[in-house]
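Trainee: Following this message is one structure expressed as structure tokens.
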């Protein structure tokens, strides 16, 4: 059974985190950057690695591994920052998602996407839009807007203000 909210063929950018493949709708991706200097902001959540200067704008960078309860990202030649747009309360926030590596952009038909698994009542999988089937395996398709709760996005917006004032 395909995910009912996906009714047309879409393109997804795939990236790896700790050996697992994740995907995000390319419409949410602004650009992909090589790993650059990240300025740490004090008193932020562990997954908040800091901020970068993106053509004069302060952009928070989130370690997606830490956000998902995985070990911290170790920088390699393939480590990159996927700059995405996240919607919260009608506003668009731009943030960088630290990834082990970017794989490819590819299309998935709606029938290639299964609903996100329901893993009991204690584990929230709302941030997984669906599971894409590819080459006998699965790719976790993220709903990037739901990866970050409202309070986290509010904290990130506050951190950007702190960094801009510094």
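The values are calculated or read from the model by the stated rules, or taken from the named source; none is laboratory data. Remember, predicted model here, so these are calculated numbers, not experimental data. A quick note on method: Cβ atoms are made from the backbone with ideal geometry, for glycine too, and the neighbour counts reach across all protein chains shown.
Trainee: Residue by residue through the range 58-100, note down the ones that are touching a residue at least 40 places away in the same chain (Cβ under 8 Å) and on the phi > 0 side of the Ramachandran plot.
Mentor: Within the range 58-100, 89 is the sole residue that qualifies.
Trainee: I need a count of the residues in the range 72-86 that are outside any strand (DSSP E or B), surrounded by 15 or more Cβ atoms within 10 Å (Cβ to Cβ) and in contact with a strand residue (DSSP E or B) (Cβ under 6 Å, 6 or more places away or on another chain). Show your work before the answer.
Mentor: Residues of the range 72-86 outside any strand (DSSP E or B): 72-79.
From what is left, the residues that are surrounded by 15 or more Cβ atoms within 10 Å (Cβ to Cβ) are 73, 79.
Among the residues that remain, those that are also in contact with a strand residue (DSSP E or B) (Cβ under 6 Å, 6 or more places away or on another chain) are: 73.
Final tally of qualifying residues: 1.
Trainee: Another question, if that's okay. Residues of the range 139-150 being over 15 Å from residue 29 (Cβ atoms) and without any contact (Cβ under 8 Å) to a residue 40 or more places away in the chain, which ones?
Mentor: Within the range 139-150, 146, 149 qualify.
Trainee: Further question on the same structure: I'd like to verify a number: residues in the range 22-49 that are assigned to a strand (DSSP E or B) and buried (at least 20 other Cβ atoms within 10 Å of the Cβ), how many?
Mentor: Pass one, the range 22-49, residues assigned to a strand (DSSP E or B): 22-25, 29-34, 39, 48-49.
Then drop every residue that is not buried (at least 20 other Cβ atoms within 10 Å of the Cβ), which leaves 22-24, 29, 48-49.
Result for the range 22-49: 6.
Trainee: Which of the residues that make up the range 126-166 are in a loop (DSSP other than H, G, I, E, B) and at pLDDT below 70? Show your work before the answer.
Mentor: Taking the range 126-166 and keeping what is in a loop (DSSP other than H, G, I, E, B), we get 126-127, 135-136, 143-149, 166.
Selection gives 149, 166.
Trainee: Can residue 105 be described as at pLDDT 95 or above and either part of a loop (DSSP other than H, G, I, E, B) or under 18 Å from residue 12 (Cβ atoms) (or both)?
Mentor: The answer is no for residue 105.
Trainee: For the subset of the range 54-71 comprising residues that are modelled with pLDDT of 90 or more and exposed (fewer than 13 other Cβ atoms within 10 Å of the Cβ), which member is farthest from residue 141 (Cα to Cα)?
Mentor: So the residue we want is 56.
Trainee: Another one. For the range 30-49, enumerate the residues that are more than 13 Å from residue 97 (Cβ to Cβ) and either free of Cβ contacts under 8 Å to residues at least 12 places away in the same chain or within 17 Å of the chain's Cα centre (by Cα) (or both). Reasoning before the result, please.
Mentor: Of all residues in the range 30-49, those more than 13 Å from residue 97 (Cβ to Cβ) come to 34, 36-37, 39-46.
Listed by number, the residues that qualify are 34, 40, 42, 43, 45, 46.
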